1. Dipole size in debye (nearest 20) for segment 9-238 around its Cα centre, Lys and Arg Cβ +1, Asp and Glu Cβ -1?
2. May I ask which residue of Val44, Leu71, Leu28 lies farthest towards the positive end of the charge dipole of segment 1-83, with charges of +1 (Lys, Arg) and -1 (Asp, Glu) on Cβ and the Cα centre as origin?
3. Modelling each spin label as a point 7 Å along the Cα-to-Cβ direction, I'd like the Gln98/Arg83 distance in nm, to one decimal.
4. From the phi angles alone, apply the Karplus equation (6.51, -1.76, 1.60; θ = phi - 60°) to segment 29-44 and give each ³J(HN,Hα) in whole Hz, x where the residue is Gly or Pro.
5. Under the 0.36 nm per residue contour assumption, what length would be gained going from the current alpha-carbon distance of Glu148 and Glu36 to full extension?
6. Given the chain, what percent of its DSSP beta bridges are antiparallel, to the nearest 5?
7. For the chain, what is the mean residue ellipticity at 222 nm derived from helices alone (per DSSP H run of n ≥ 4: -39500 (n - 2.57); sum divided by total residues; nearest 500 deg cm²/dmol)?
8. If packing is taken as the mean number of other Cβ atoms within 10 Å per residue, what is the order of 19-30, 66-77, 89-100, highest first?
Amino acid sequence: MSGTPAPVIELADVTKTYESGDLRVEALRGVTLRIEAGELVAVVGPSGSGKSTLVHLIGCLDVPTGGRLRLSGEDVADLDEDRLAEVRNRRIGFVFQQYNLLAYLPAWRNVELPLVYAGVDAKARRARALEALARVGLADRADHRPGELSGGQQQRVAIARALVTEPALVLADEPTGNLDSAATAEILDLFAELHRDGRTIVLITHDPDVAARADRVLRIRDGRVEEVTARDEPAEAAR
Ligand SMILES: Nc1ncnc2c1ncn2[C@@H]1O[C@H](COP(=O)(O)OP(=O)(O)OP(=O)(O)O)[C@@H](O)[C@H]1O
Ligand SMILES: [Mg+2]
């Protein structure tokens, strides 16, 4: 190994084939890419092109059919189920289009969940959940259930939940897909802030305005990376 740190994400000829009954779907057909620490990468492409599949593999929610996937230099194929769960739970934060909040729990209880799985004690969990909610501007909504919050607020709760473990990598699958333009702008500002904090972010989007704020845009088509565009000026210049 050289002195430079391994990329946060490295895929070499990764394939993913889903088989159900007689049907085989080649969702990814050989994806090779590197994402470095601190990058904000947008993933775009038509419906069914393999975007969610790609992000699920990066997030260790599923395993590749072929090829190599390394996270911070570690080949995920070498990790056992316990270690994979640990990577998923401690190093990666997920944000989904549907928020995936538990309806019967107040916001702070939703936010503390990853810390329950991580074995953090109750008092520290509550403190960290409230802190994460404050960071997304929802300190005063901690006791509200998801049904008592707007869509944008629910997504902010979901982002607080993704951040509560302080993950280095945040993966988001159309986080603004269900939001109006005002709520979208708020969520994007939050992601911009996370990016400034030095987090690595991979964000699937259909929205060109969202993609325009990324360091690089990865266009997926038919399970392949069709094009990668870097923003003209380096990220530093935009600060
Ligand atoms: N669990 C699964 N079992 C079988 N096929 C699947 C599964 N998940 C996805 N697929 C198929 O794999 C292909 C890629 O799906 P994927 O969800 O990655 O697309 P996407 O780019 O995220 O699309 P969208 O923009 O609509 O969310 C599709 O043809 C889809 O039907
Ligand atoms: Mg998808």
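We did not get these values from a lab; they are worked out from the coordinates using the rules stated. Nothing here was measured: the structure is a model prediction, and the numbers come from that model. Here Cβ is always computed from backbone atoms with ideal geometry, including for glycine, and neighbour counts include all displayed protein chains.
1. 440 debye
2. Val44
3. So the label points at Gln98 and Arg83 sit 3.2 nm apart.
4. Per-residue couplings from phi come out as 10, x, 10, 10, 6, 10, 10, 8, 4, x, 7, 10, 10, 9, 10, 10 Hz.
5. Result: 36.5 nm gained on full extension.
6. The antiparallel proportion sits near 55 percent.
7. Values: 7 runs with 73 residues, N = 239.
For the chain, the value works out to -9000 deg cm²/dmol.
8. Numbers: 19-30: 12.5, 66-77: 15.2, 89-100: 18.7.
Averaged packing, sorted descending, gives the order 89-100, 66-77, 19-30.
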